[in-house]
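Where a number appears in this text, it was derived from the coordinates with a stated rule and is not lab data. The structure presented is a predicted model; accordingly, all values stated were derived computationally and were not measured. Counting neighbours? That spans all protein chains shown, and the Cβs are built from the backbone with ideal geometry, glycine included.
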Amino acid sequence: NAGVTQTPKFQVLKTGQSMTLQCAQDMNHNSMYWYRQDPGMGLRLIYYSASEGTTDKGEVPNGYNVSRLNKREFSLRLESAAPSQTSVYFCASSEAWGPGLSYGYTFGSGTRLTVV
Amino acid sequence: GNSVTQMEGPVTLSEEAFLTINCTYTATGYPSLFWYVQYPGEGLQLLLKATKADDKGSNKGFEATYRKETTSFHLEKGSVQVSDSAVYFCALSPIQGAQKLVFGQGTRLTINP
């Protein structure tokens, strides 16, 4: 099925460990996003990529890095995991980038990360 | 700046009850407006959208009307089912600046049989 695929679905890390969350979309979308979802906090944007070759910080970028590997793939890296990064992480994509557009996002099913 | 405010949850209703989840927004001009739904253990799915004033978005029995005069986009359903239990997010797409969806905090809905 077409859509956004995230791996892994679950992960437990020890404090200080590193890992990369993978995201791939097969809809030929130009823009991709990483969000975290915490209880009572809604969705917060970590990083986004308006188009292949570009990345920008969102609301909560500290402790994360991203790579837009190609048009399909957008990865999120935690270099030294902390308990505060325990969260559910969602990748999303959209057709285009620009003001006034009515494109919605397509979301992946999420990665549930626990840092102990 | 751009912001979305949703009614606080959780909301608990009985099956076949009428549902309203309030959503108001702050933005310049006429942003596009969206409702997303998140079922347990899943990602967000687009439920409906409206792109200009007085537009009505609808899907799966849910409706929302874009009201510019009250800057609102309330979600309604005439008769809810147990399967509608989920978290609902209101969002807007600004017309100026970066094309990033701005989400409300989400409203958890539980429908009891």
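Here chain B is treated with +1 on each Lys and Arg Cβ and -1 on each Asp and Glu Cβ, and its dipole about the Cα centre works out to around 360 debye. Per-residue Karplus couplings for segment A:34-46, computed as 6.51 cos²θ - 1.76 cosθ + 1.60 with θ equal to phi - 60°, are listed in order as 10, 10, 10, 10, 10, x, x, 10, x, 9, 10, 7, 8 Hz, Gly and Pro entered as x. Between A:THR86, A:THR20, A:THR54, the GNM of chain A built on Cα springs shorter than 10 angstrom shows A:THR54 fluctuating the most.
Calculation over all alpha carbon pairs of chain B in 5 angstrom steps from 0 returns a P(r) of 2, 13, 24, 25, 18, 10, 5, 2, 0, 0 percent. For the peptide B:101-107, the mean number of other protein chain Cβ atoms found within 10 angstrom of a residue's Cβ is 4. Of the candidates A:GLY40, A:GLY53, A:GLY104, which one comes out as most mobile in a Gaussian network treatment of chain A with C-alpha springs shorter than 10 Å? It is A:GLY40. Sites listed here are chymotrypsin sites (Phe, Trp or Tyr not before Pro) in segment B:15-90 whose DSSP assignment is loop and whose Cβ has at most 14 other Cβ atoms within 10 Å: B:PHE18. Evaluated with a Cβ-only charge set (Lys, Arg +1; Asp, Glu -1), chain A carries a dipole of roughly 280 debye about its Cα centre, given to the nearest 20. Any chance you could check the Cα centroid distance between segment B:47-103 and segment A:1-47 for me, in angstrom? Centre-to-centre distance over Cα atoms comes out at 24 Å.
Per residue, the convex hull spanned by the Cα atoms of segment A:13-83 measures out at 93 cubic angstrom. Within the protein assembly as shown, the percentage of alpha carbon pairs spaced more than 30 angstrom apart rounds to 25%.
Amide H contacts for A:GLY3 (H built 1.01 Å from N in the peptide plane; partners 5 or more residues away or on another chain; cut-off under 5 Å): A:ASP26, A:MET27.
The GNM of chain B, with springs linking C-alpha atoms under 10 angstrom apart, assigns the highest mean-square fluctuation among B:SER72, B:SER93, B:SER83 to B:SER83. Rounded to 0.05, the FRET efficiency of the B:ASN112 and B:GLU8 pair, given R0 = 25 Å and the Cβ-Cβ distance, is 0.85.
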